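Just so it is clear, none of the values below were taken in a lab; they were calculated from the coordinates. Not measured: the values here are computed from a predicted model. Every residue, glycine as well, gets a Cβ built from its backbone with ideal geometry; the counts of neighbours run over all protein chains shown.
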Amino acid sequence: MLELLTSETPNGWKVAILLEELGVPYQVTPISLTDRVQKQDWYVALNPNGRIPTLVDHDAGDFAIFESGAILLYLAEKFGRFIPTEAQDRSRVIQWVMWQMSGLGPMMGQATVFTRYFDEKLPSVIDRYVRESQRLFGVMDARLADNDYLVGDYSIADIACFPWIRGHDWAGVDMGGFPHLQRWFERISARPAVQRGLLIPTPPTPEEMAEKTTKQGKTILA
Ligand SMILES: N[C@@H](CCC(=O)N[C@@H](CS)C(=O)NCC(=O)O)C(=O)O
């Protein structure tokens, strides 16, 4: 059995979406970020970074994996899906996953932190992260001008990026002016497995989400 330890955030949704796309059985262990469960000793023993998500493969000697990009790769390779077998396309998918992990995720994450969680609003800092996020939106938009997906067919490259693009409003990053990205976003949003994955671990209302995330933000910054 696969166990996903997660919370309702972009890095967690990536893995939930892939598991739903794969249609394999898995169990969910919700981790309360507000209660700082991700910092408890038992959790840090599984994930030395003390953040979500973590995947434990109980069918492989309780093998624990941290870092959402590494989890996507592990699952794609384990089940031989959502990653091409041809060497160069496989490399292209990995390149986009790396790009998301090192660029899109951190920039959007910091845009969210400085727009939403900090009481002190620092215009130059917010501007830096918002503009860098938009630059990255432009990189995706250009790639998607002639392609329905980032690399060939729908893959873990698209799954890695999707929840962060979905969070653009919350992060205060305008997505207007990126028509190809918008179309890609709508195409992926329409997938039933994506819609199911976004309900893991709980389906909060937008109002609950806003309040919960604000409280979580304060807790995480503490
Ligand atoms: N690079 C890590 C980032 C994980 C991460 O930042 N997770 C956030 C939620 S999206 C988290 O656990 N935050 C709680 C904290 O900072 O303690 C990954 O992709 O798995």
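Applying the condition of being over 14 Å from I159 (Cα atoms) and surrounded by fewer than 15 Cβ atoms within 10 Å (Cβ to Cβ) to region 88-115 and asking which residue is nearest to the ligand (Cβ to nearest atom) yields S102. Here Y26 fulfils each of the conditions (1) surrounded by 22 or more Cβ atoms within 10 Å (Cβ to Cβ); (2) more than 9 Å from the ligand (Cβ to nearest atom) apart from (1). Among the residues making up region 88-106, a single one is over 19 Å from the mean Cα position of the chain (by Cα) and touching a residue at least 24 places away in the same chain (Cβ under 8 Å): D89. If you filter region 56-74 down to residues that are more than 20 Å from W164 (Cα to Cα) and of a type outside the set (G, A, S), you find that the one that is farthest from the ligand (Cβ to nearest atom) is D59. Checking each residue in region 142-193 for being over 29 Å from I126 (Cβ atoms) and assigned to a helix (DSSP H, G or I) picks out I156, R187, P192, A193. Look at (1) without any contact (Cβ under 8 Å) to a residue 40 or more places away in the chain; (2) exposed (fewer than 13 other Cβ atoms within 10 Å of the Cβ) and you find that Q38 fails only one, number (2).
Can you tell me which residues in region 117-129 are away from the ligand (no atom under 13 Å from the Cβ) and part of a helix (DSSP H, G or I)?
P123, S124, V125, I126, D127, R128, Y129
On the stretch given as region 110-121, residues that are free of Cβ contacts under 8 Å to residues at least 40 places away in the same chain and not aromatic (F, W, Y) total 4.
Looking across region 5-42, the residues that are out of contact with any helix residue (DSSP H, G or I) (no Cβ under 6 Å at 6 or more places or on another chain) and over 23 Å from T112 (Cα atoms) come down to L19, G23, V24, P25, Q27, V28, T29, Q40, D41, W42.
Are any residues in region 52-87 acidic (D, E), in contact (Cβ under 8 Å) with a residue 12 or more places away in the chain and over 16 Å from I159 (Cα atoms), and if so, which ones? Answer for region 52-87, where residues must be acidic (D, E), in contact (Cβ under 8 Å) with a residue 12 or more places away in the chain and over 16 Å from I159 (Cα atoms): D57, D59.
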